[in-house]
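The values are calculated or read from the model by the stated rules, or taken from the named source; none is laboratory data. Please read all numbers here as calculations on a predicted model, not as lab measurements. Here Cβ is always computed from backbone atoms with ideal geometry, including for glycine, and neighbour counts include all displayed protein chains. Remember, those area values only see protein heavy atoms, side chains included, never the ligands or the DNA or RNA. Shrake-Rupley method; radii C 1.70, N 1.55, O 1.52, S 1.80 Å.
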Amino acid sequence: MTSDPLLALRPWEAPEVTSWGRLPMNAVDRRPGALPLDGDWRFQLLSAPDAPVGGAWSTARVPGVWTMQDTDDLPQYTNVRMPYAEFPPLSPAYRNPTGVYERTVDVPAEWAGRRIVLQVGAAESVLLVHVDGRPVGVSKDSHLAADFDLTPHVRPGERATVRLTVVKWSDASHIEDQDQWWHGGITRSVLLYATDPLHLADVTVRAAFSGELRVDCRVRDTGGALPEGWYVTGELDGGLIAQDTEFDRANVEDDRVSEFLGEVRLHTVVSDVRTWNAETPELYDLTVRLHRADGTVADTSCHRVGFRDVEIVGRNLLVNGERVFIRGVNRHDFHPLTGRAVSYDDMRADLVLLKRFGFNAIRTAHYPNDPGLLDIADDLGFYVVDEANIESHDHAHEIADDPRYLNAFVDRVSRMVLRDKNHPSVIIWSLGNESDYGANHDAAAGWARRHDPSRPIQYEGAAKLDWAATDDASDIACPMYAPLEDCVAHALSGEQTRPLIQCEYSHAMGNSNGTLADHWAAIESTPGLQGGFIWEFWDHGILQRVNDGRPVGRGGAGLYDNGVAAPGHRWAYGGDFGETIHDGAFIADGVVFPDRTPKPVMYEHREIAAPVRIECFKHEGIVLGNHQHFRGLDWLAGEWELSLAEGDTLTAPAELPDLRPGETAVVPLPFEVPRDGGEAWLTLRVTTARDEAWAPRGTVVCLPQVRLREASPLRWENRSGTVEVDADGLLVHPLLSAAPTLSLWRAPTDNDELGGMALRWRAWGLDALVRKAVSVREESGGRVSVVAEYAGTVGVVRHRQVLTPVEGGIRIDEEAELPEQFDDVARVGSVFETVPGLDLLEWFGQGPWESYPDRSGGAPVGHHRVPVDELFTPYLRPQESGGRHGVRHFTLSAPDATGLAIALDEPRQVSVTHYRSEDLTAVTHHDQLTPRAGCVVHLDAAHRGLGTASCGPDTFPSHLVTPGVHRWSWTLRVL
Ligand code: IPT
């Protein structure tokens, strides 16, 4: 039996114990003037918390997770299920990695007489603190800081040994069962700070849209009773703010005065206030000073203040009285080299990228983020749903009403509110994620409502069963992955009682996010719908060395580029660290790659969020509209581009009209459209007119587009000549290494796999169709007609190809008849391969980035030119990738400009890669792919939408490829 009381208490299996010796959370900023303790600490990894310390010390980096440093305890990924069988509140008794961090600290001599506090930014999942061998405290909640008063334990001018023991598995793990990697360690900064015994215990800022500012200050003295004569002053952007004497008088009258707790209010009304919103995030600097009777300053706290209101009126969430759209994303703390320890610069880079792609909201899935993230959100302009660190997914139902966990629920929600209440960016509190709904939630919601009546609360689990209810712990109906038609039906039902904002939707796993534009068309046109949060920002791929399977860790910068890991490395997902219990690639479901390279969906999102749009094209000109909530168009610059299918791209400067939000104006057509040139598209290239905090001048903001002239039908000039086919009826052509054949298969996307489609396609044998019963007939004028059967295991597709010599090449008319049993296939089209060397694709159609039938917005029609290598999107688990939607014609050429030219009868889905579908299907990671020398070209008469069926609704029926006759025609010429 240990004599250490912290160990004897066994806090890792006592859910009632949320902390011991920990100071109350508050919003006083202690970072300035603190002594940072980040860096290398002595480190030992024990097999269990009660195992003896006594082995050899190594070093570990703080902040950092040991699972990404040189230990044998590696990252493990599970989504819902716990990685071990013990039920709450237990954890594995004999295999519970426990990190012991130790270092000496020189306590500054000038801190004599001061109150000295240790702050541990975040440790997962239980933290025990000792100083010079004496117990100091315990804390739980892996994503909030713990402060401990060390004044009795250290002597200024002397050295102290600080030991932080971090236990990986605990009762708390059962409520930290989020869908992410399991790690262990200290993930945020550790520091020591000192205050006067007379100090600010908390500062609560309320800054309203009206300009009214109230700053409530709590004052304490560690010596006990407060000294006589103290007072507080405030300074807002240089102007002094006085104490509210009315508040003082009311406190006296209502007997709310205490000799141990001082409570005062600063009050002012700022005239002509510059208000805060996500578009124009105006901030003021507030300094709060606590003075002793003689006027000297005992304590100071600095805050950035944003004046804004948040309220729910009926079924609308209003910011400053406006029904703002929530263009959100769920963001985890993640980095491919450091796991869960993220730097300020990294967080800023995340948010800058989100701004550039039109996002205005973040849900801190599924726990409070580093306080720095909220500073950045205040500064750049984001609406934040701040989520408490509660997810009991695997044991949700047992825990939601378990009184042993009551304390933890209230502790986690209340401490988040106390920490983050002064951030204008935080507009909603979230009680956590996926934890069923029980009395523990109501208790936490009650605390938050009472303490901060200024913000709504949301919790998906509470509002899950009845979106129209009014008596649960959620002010917002915030479902996850709800079918769009259900959301629309609810909004039209007349029963809606609260805003509907999906907390998660459009699951971004692999090649996904189909129908995002349809969601937004509905949201923007249906009162009661206000947006949602895409799941999720990151693909959580950890950079891993292939040879020894270890995470690369901090030294790996430069070992990846453009979404791809360097040779000898890969992005690891679940199972790659030898875990037997894991959930595979479900962790790779973000809109950015692990190195923050945007996936193609980001470009569609940018367009969906466009602040200025082309409403339509009329005779008088182009109708432009301002789709922002607060801002004019003066921060934007524009340029017109006119793209002609059979011609060039012309440009002209654009003058954007002076429009307030919601207004439209007609601007004259900037071009005389040339008579020739065929199909014509007008694009407004909108960029930032000056530097923004998140983008330098000239950054593309959106590319709205309108068609000015329809395509004229393709002309086929038949010529007599010959078409050569082999004995199997396959085209023989000098630039093709494999002739065009029928394809009904794509390398299944994650949505195809997890949604069950790929299972059916394989069962039907679509991945290995057998070409047989070929009949070849030579017709007049050199024309050849080839009929073949493509047999699956349960059905046969009849395919006919008519090859006709035309001017400069061959015209190919194709027809495929899908039997009834093939009621939903991936594609119907031609596939062929070229000789090596044709490595540049130039096309007229949508681009330049990847697009699919149900994810094609934001890829403007025009002339595009991309090397074949760069067409392919390196989704972590290889799958169908690299498609381009709406292609009218293209060339594939070698550096000497020789090659192929192809024209299509209609805008079609085309892909050109160095991989066959079966190459992609055969491997699990991108590094296992070997590109083929030639190009694999798919021309699709029809291509299935992507949908989001890996977690959520599939694509719409209109984007399915269904039975019946499919026809398509194209010409093949030599350049
Ligand atoms: C939902 C979770 O909230 C989220 O953390 C993530 O797991 C997401 O799904 C899928 O990637 S829960 C799911 C079972 C609906």
With point charges of +1 on the Cβ of Lys and Arg and -1 on the Cβ of Asp and Glu, referenced to the Cα centre of region 736-974, which listed residue (Ser881, Leu754, Gly845) lies farthest in the positive direction of the dipole? Gly845
Using a 4.7 Å cut-off between beta carbons, which cysteines in the chain end up with no partner cysteine at all? Cys217, Cys302, Cys487, Cys616, Cys702, Cys935, Cys951
With R₀ set to 30 angstrom, the calculated FRET efficiency between the beta-carbons of Arg256 and Thr470, to the nearest 0.05, is 0.35
Cα-projected label distance for Ala791 with Glu724, points at 7 Å along beta-carbon direction, nm: 3.1 nm
For region 82-136 and region 452-486, write down the distance between their C-alpha centroids in whole Å. 37 Å
Checking rank on 62-75, 696-709, 554-567, with mean other Cβ inside 10 Å and highest first, the result is 62-75, 696-709, 554-567
Are there any chymotrypsin sites (Phe, Trp or Tyr not before Pro) in region 252-287 that are in a DSSP loop and have at most 11 other Cβ atoms within 10 Å? List them by number. Phe260
Mean Kyte hydropathy of 0.0 or more with a Cα span along the axis of at least 20 Å, helices from DSSP in the chain: 406-420
Enter the accessible area per residue of region 5-195 (Å², integer; probe 1.4 Å; all protein chains in place). 35 Å²
Counting only protein heavy atoms and a 1.4 Å probe, tell me what percentage of region 611-703's accessible area is made up of carbon and sulfur. 47 percent
Restricting to lysines and to Cα separations under 30 Å from Lys421, and discarding same-chain partners fewer than 8 apart, the set is Lys140, Lys168, Lys355, Lys464
Provide the gained length on full extension for the span Arg81 to Arg449, in nm with one decimal, where the gain is 0.36 nm per separating residue minus the Cα-Cα distance. 129.3 nm
Taking the Cα-to-Cβ direction at Glu817 and at Asp691 and moving 7 Å from each Cα, how far apart do the two end points lie in nm? 6.8 nm
Computed helical MRE - 222 nm, the chain, DSSP H runs ≥ 4 contributing -39500 (n - 2.57), nearest 500: -3500 deg cm²/dmol
Please give the per residue volume of the convex hull enclosing the alpha carbon atoms of the chain, rounded to a whole number of Å³. 180 Å³
Is the C-alpha gyration tensor of region 611-703 telling us rounded, prolate or oblate? Criteria: a/c under 1.5 is rounded; beyond that, a/b larger than b/c is prolate, otherwise oblate. oblate
Tell me, what % of the accessible area of region 264-317 is carbon and sulfur with a 1.4 angstrom probe? 44 percent
Rounded to one decimal in nm, the spacing of the 7 Å Cα→Cβ label points at Ala738 and Leu492 is 4.6 nm
Test of the criteria: in region 593-639, which GluC sites (Glu not before Pro) are in a DSSP loop and have at most 15 other Cβ atoms within 10 angstrom of their Cβ? Glu620
Skip the ligands, DNA and RNA, and give the accessible area per residue of region 828-975 with a 1.4 Å probe, whole Å². 32 Å²
Residue farthest toward the positive end of the dipole of the chain, with Cβ of Lys/Arg at +1 and Asp/Glu at -1: which of Ser19, His629, Pro594? Pro594
Net charge of neighbours whose Cβ lies under 15 Å from the Cβ of Asp676, counting Lys and Arg as +1 and Asp and Glu as -1: -2
What whole-number distance in Å separates the alpha-carbon centres of region 7-37 and region 499-577? 32 Å
Stretchable slack from Lys618 to Glu158, in nm (0.36 nm times residue separation minus alpha-carbon distance): 157.7 nm
What FRET efficiency, computed as 1/(1 + (r/R0)^6) with R0 = 41 Å and r the Cβ-Cβ distance, is obtained for Asp248 and Asp401, rounded to the nearest 0.05? 0.40
What value does region 5-195 have for Rg/Rh, both radii from Cα atoms and Rh as Kirkwood defines it? 0.96
Could you tell me which residue out of Ala123, Phe148, His943 lies farthest along the dipole of the chain toward its positive end? Charges go on the beta carbon: Lys and Arg +1, Asp and Glu -1, centred on the Cα centre. His943
Where region 676-773 is the region considered: accessible area per residue in Å², 1.4 Å probe: 48 Å²
Would you mind checking region 581-601 for residues with the amide N under 11 Å from a putative spin-label position 7 Å along Cα→C-beta of Ser343? none
With a 1.4 Å probe and all protein chains left in place, how much of the accessible area of region 332-437 comes from carbon and sulfur atoms, in whole percent? 51 percent
Only Lys, Arg (+1) and Asp, Glu (-1) charged, at Cβ; the chain dipole about Cα centre in debye: 1120 debye
Please report how far the C-alpha centroid of region 744-779 lies from that of region 680-729, rounded to the nearest whole angstrom. 30 Å
Can you tell me the order of 439-445, 825-831 when each peptide is scored by its average per-residue count of other Cβ atoms within 10 angstrom, highest first? 825-831, 439-445
Which part of region 944-975 falls in the paramagnetic zone of Arg798, meaning amide N under 14 Å from the point 7 Å along Cα-to-beta-carbon? 964-966
Calculated FRET efficiency for the pair Glu212/Ala112, C-beta based, R₀ 45 Å, to 0.05: 0.60
Give the long-range amide H neighbours of Ala48: residues separated by 5 or more places, or on another chain, with amide H under 5 Å away, using H modelled in the peptide plane at 1.01 Å from N. Asn96, Thr98
